[in-house]
1. Residues that are touching a residue at least 40 places away in the same chain (Cβ under 8 Å) and of a type outside the set (Gly, Ala, Ser): which strands (runs of 3 or more DSSP E) entirely in the stretch B:19-131 hold 3 or more of them?
2. I'm trying to understand the selection: among the residues of the stretch B:183-197, which are of a type in the set (D, E, K, R) and facing chain A (nearest Cβ under 9 Å)?
3. State all residues of the stretch B:109-138 that are acidic (Asp, Glu) and either crowded, with 20+ Cβ neighbours inside 10 Å or over 24 Å from residue A:217 (Cβ atoms) (or both); if no residue qualifies, say none.
4. Mind checking which pairs have a first residue in the stretch A:242-270 that is over 13 Å from residue A:34 (Cα atoms) and a second that is aromatic (Phe, Trp, Tyr) and assigned to a strand (DSSP E or B), Cβ under 7 Å, 6 or more apart or different chains?
5. Quick one: is residue B:246 touching a Gly at 6+ places or on another chain (Cβ under 9 Å), closer than 24 Å to residue B:108 by Cα and away from every other protein chain (no Cβ under 14 Å)?
6. Only one residue in B:219, B:204 is away from chain A (no Cβ under 14 Å) and either touching a residue at least 24 places away in the same chain (Cβ under 8 Å) or farther than 21 Å from residue B:37 by Cα (or both). Which one?
7. How many of the residues in the stretch A:138-161 are within 14 Å of the chain's Cα centre (by Cα), free of Cβ contacts under 8 Å to residues at least 60 places away in the same chain and over 18 Å from residue B:187 (Cβ atoms)?
8. Take the residues in the stretch A:192-221 that are open to solvent by 10 Å² or more (accessible area, probe 1.4 Å) and under 15 Å from residue A:247 (Cα atoms), then tell me which one is farthest from the chain's Cα centre (by Cα).
Number of protein chains: 2
Amino acid sequence: MKLSIVLSLQPTRFSALAFQGNPEDHFQKLKTLGYDGVELAIRDPSLLNWDRLEEEVKISGLDVPAIGTGQAYVEEGLRLCSPSPEVREKAIERLKSHLPLAKRFQAGVIIGLIRGKVEKNEDFRKGYEWMIESLKACCAEAERKNVPLWIEPLNRYETNLLNTLEEGWEVIKELGGAKLGLLPDTFHMNIEERSIGESLRKFAPYLKHVHLADSNRQAPGDGHLGFRGILDIFHSIHFEGFFSFEILPKPSPDEATKRAIDFTRSLRKE
Amino acid sequence: MKLSIVLSLQPTRFSALAFQGNPEDHFQKLKTLGYDGVELAIRDPSLLNWDRLEEEVKISGLDVPAIGTGQAYVEEGLRLCSPSPEVREKAIERLKSHLPLAKRFQAGVIIGLIRGKVEKNEDFRKGYEWMIESLKACCAEAERKNVPLWIEPLNRYETNLLNTLEEGWEVIKELGGAKLGLLPDTFHMNIEERSIGESLRKFAPYLKHVHLADSNRQAPGDGHLGFRGILDIFHSIHFEGFFSFEILPKPSPDEATKRAIDFTRSLRKE
């Protein structure tokens, strides 16, 4: 069972991150706690020193299984479904700019909040189509670069575009890209899936990376989700990707980071 | 086990209602389906013909256990926590205006979305205090009129004021009003409570009315909450109020209404 945790490399308002700040201060700490990897949340790759980041990750011995992209929406309003061609183009370019960095780490790039949501005064069907068109452009580039793209369904309060694994799977079916996969997040699934277990089994071949958070978005064990059963399902479907904690820093970043890995490791000895 | 369902008496954008429209078309249908009561969601009582409403309810044989007040916030922006004294005053007056109507039905008045939320550019502590001050004024009037006021904790996406039963209970403790009670909603609890069962047991003496909805806000049985266990807990704590469905009209208003009562009745024979 490979475990990682989300770390933000740039200041952000999005609070579902275990901790923020200078990565070099945290990589070694994570390794010491027993983590296998660190998932990087990045607003704009062009603002980072890639060589230095790669060196620091290498020194720590951690993998980077995934790169999160949602801050471009939260902080800058870039979204794949925007009615504005300029905004859409910027969102696509931003997403594409993550690919070469992901390539260095053999990481996947996450399509979460960057798809945005269709606002009340906008046409939903049109917004959905713009998202699909934008994703097509990103997929084409991802195939050229040979980098996986993972669609993360999010709950209804965060977006009206792709709330369930089934809705994410429909996009994969429509686009047909070989690099497209699904990223289930247990916090969002708790709100959106009729049955968490049935959905995981049904879309098992498409699951490439997992976000673990409890029902209240805190560390697993701090809410009421049945993680023993959930991990058993992933085991039974031979899931081989990373489980990455995307959790609120409660009661503190350090405690949440330790609690998440200790509790999850206690559930499965492998 | 007394069952009711939320019915909106005025057009609304809020979608977690089983159905909308002319109440006289629905009261008899609910009675025929086996409902004991109907919870009325009302934006502005002054726009209704109270005598006619009372007569129609009487003919149907239904009880009215509760009156919902959140539409005044959703449709008109009235909120108990507003930094504007005018808006606060209007919200208080609106809430007070529900009391004589509730009195006619021996119903409780719900404090849900009408407390509003503290916006990003506002001071949270100040907003919380304004909410408390507004509630004090409402409580005083509720005691004079001898009408119960029920605080409904809502999930973090709908408000930042009172997400858990414990936070609602702290307000009751602070205000000390004899008419104040708690209204647990299973959909919100699924997101906010560390343990649904433990919270229900801990605050049992304060629970006066219940909203039932499954994890996806659809009819119980359409998501993954363990309603058999939840109902057993209410039984064990001798809860004697109404269970009221506040659910999305899926797959249709009529089907959701029938499904909710059929499934819930099948769980407990009493």
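1. Counting at least 3 such residues, we get B:108-111.
2. B:192, B:193, B:194
3. B:123, B:129, B:133
4. A:249/A:19; A:253/A:19
5. Working: touching a Gly at 6+ places or on another chain (Cβ under 9 Å): yes; closer than 24 Å to residue B:108 by Cα: yes; away from every other protein chain (no Cβ under 14 Å): yes.
Here the answer is yes, as residue B:246 does meet what is asked.
6. Details: B:219 fails: away from chain A (no Cβ under 14 Å).
Every option except B:204 fails the conditions.
7. Of the residues in that region, 4 qualify.
8. A:221
The values are calculated or read from the model by the stated rules, or taken from the named source; none is laboratory data. All of these numbers come straight from a predicted model, not from anything done at the bench. Every residue, glycine as well, gets a Cβ built from its backbone with ideal geometry; the counts of neighbours run over all protein chains shown. Side chains are part of the model used for accessible areas, which takes the heavy atoms of the whole protein and leaves out ligands, DNA and RNA. Shrake-Rupley method; radii C 1.70, N 1.55, O 1.52, S 1.80 Å.
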